[in-house]
Every structure is written in C-alpha cells, then in structure tokens.
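Engineer: Below is a structure I'd like to ask you about.
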Amino acid sequence: MILISACLLGHKVRYDGGSNPHELLLKYNERGRFIAVCPECFGQLPVPRQPVEIQHANGKKVLAGKAEVRDAQGHDATHAFLVGADKVLKIAQAYHAQVAILKEGSPSCGVHQIHTGDFDGRKTRGSGVCASLLEANGIRVFSEKDITIGRLEELLAEDEKRER
C-alpha cells in the first residue's frame with residue numbers, strides 16, 4: 001500500500017476546509033493501492049483551522065524537541081503534529097507501506113519545502129513533521145510534484161511485487 005495525503009485525493013481536510021485534488025493520483029486511486037492519511041486530522045486538529053507553520057526550523061527539529069509548530073497567534077500545535085505523525089507511521093507499519101506521496105509545503109507533509117514560520121508566504125528547504133518521521137523510519141517519501149505517470153507506475157509495480 002502507498003500512503004497518500006488525503007487532500008491530494010480530494011478529501012476536504014486542508015486548514016481552510018479545502019482540498020488539493022491531484023488528477024493523476026485520483027485516476028490511479030481506483031486501483032485500491034492507496035491509503036488516504038491526514039496527520040493534522042489524526043492529531044485532532046479541526047477543519048477548518050488556523051494555518052500553522054514550523055517556527056524557523058523543520059520537521060526533524062520538531063521531532064527532536066528543538067522546534068515548535070505554532071499558528072499566527074502563537075498557539076502551540078506541536079503536540080497535535082507529533083501525535084498525527086505518529087498515527088500515520090503506525091498506519092504505514094500496519095500496512096507495510098514503503099512509500100508515501102505527500103502534499104508539498106505542508107508543515108506536516110512537506111517533502112522538499114515548508115513555510116518559514118513568519119506567515120508571509122515564503123518557503124524554505126525542509127520537510128514537515130510527518131514526512132520527517134516517515135523518512136526516519138525508512139519509508140520513501142515523495143511530494144506530489146515528484147510524481148509523473150512513469151514514477152507512479154513504477155511505485156505501484158514495486159508495491160504489488162512486495163505483496164506477492
């Protein structure tokens with residue numbers, strides 16, 4: 001099985017109550033090989049919710065206890081992000097998932113880039129809390145921007161071969 005950020009499959013779980021449907025992933029979802037996950041919902045954050053950003057750091061530092069996740073008013077959401085990431089990891093382990101395709105830019109799911117922590121729209125290199133935890137546990141993590149038809153076919157073929 002392959003973990004997919006739920007928003008990429010059209011689930012309305014974004015902070016603003018919207019989704020980020022990804023046409024290719026939606027098309028391939030019919031094969032039944034994807035598990036939709038939303039670490040922020042699993043951390044019991046509401047939909048909609050205030051936007052949050054990792055404060056001038058990345059997911060690895062949050063996992064190490066050296067950074068926090070806060071909203072623009074300063075409310076700490078770190079615990080919810082850690083709980084949600086842990087639940088996604090447990091799902092990955094239960095289903096023997098080796099791959100995750102996550103939403104770029106998210107403080108949970110960002111793979112290559114996340115927001116800076118200044119709530120000004122700027123992004124910086126780094127990964128979110130959930131993406132960092134999955135990678136630290138040997139799960140290959142991709143952004144939806146990394147996905148092409150060829151790459152997705154390859155990942156699905158590997159996944160099906162593993163299950164045989």
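The values are calculated or read from the model by the stated rules, or taken from the named source; none is laboratory data. All figures in this text were calculated on a predicted structure; none of them were measured in a lab. As a convention, Cβ positions derive from the backbone with ideal geometry for all residues, glycine included, and neighbour counts pool all protein chains shown. With ligands, DNA and RNA removed, areas are computed over all heavy atoms of the protein, side chains included. Shrake-Rupley method; radii C 1.70, N 1.55, O 1.52, S 1.80 Å.
Engineer: Return the residues of segment 53-73 that are at pLDDT 95 or above and either of a type in the set (G, A, S) or touching a Leu at 6+ places or on another chain (Cβ under 8 Å) (or both); say none if nothing qualifies.
Structural biologist: Passing the criteria: A57, G59, V62, L63, A64, G65, A67.
Engineer: With respect to A67, determine if the residue is open to solvent by less than 20 Å² (accessible area, probe 1.4 Å) and either of a type in the set (G, A, S) or touching a strand residue (DSSP E or B) at 6+ places or on another chain (Cβ under 7 Å) (or both).
Structural biologist: yes
Engineer: For segment 99-128, which residues satisfy the criterion of being open to solvent by less than 20 Å² (accessible area, probe 1.4 Å), closer than 21 Å to H22 by Cβ and either of a type in the set (A, V, I, L, M) or more than 14 Å from the chain's Cα centre (by Cα) (or both)?
Structural biologist: Those that are open to solvent by less than 20 Å² (accessible area, probe 1.4 Å), closer than 21 Å to H22 by Cβ and either of a type in the set (A, V, I, L, M) or more than 14 Å from the chain's Cα centre (by Cα) (or both): V99, A100, I101, L102, V111, I114.
Engineer: Please verify whether segment 45-62 includes one or more residues that are open to solvent by 20 Å² or more (accessible area, probe 1.4 Å), touching a helix residue (DSSP H, G or I) at 6+ places or on another chain (Cβ under 8 Å), in a loop (DSSP other than H, G, I, E, B) and hydrophobic (A, V, I, L, M, F, W, C).
Structural biologist: yes
Engineer: Return yes or no: is G84 open to solvent by less than 80 Å² (accessible area, probe 1.4 Å), in contact (Cβ under 8 Å) with a residue 12 or more places away in the chain and of a type in the set (G, A, S)?
Structural biologist: yes
Engineer: Pick out the one residue from L82, L25 that is over 25 Å from R151 (Cβ atoms), outside any loop (DSSP other than H, G, I, E, B) and at pLDDT 95 or above.
Structural biologist: Going through L82, L25 in turn, just one is over 25 Å from R151 (Cβ atoms), outside any loop (DSSP other than H, G, I, E, B) and at pLDDT 95 or above: L82.
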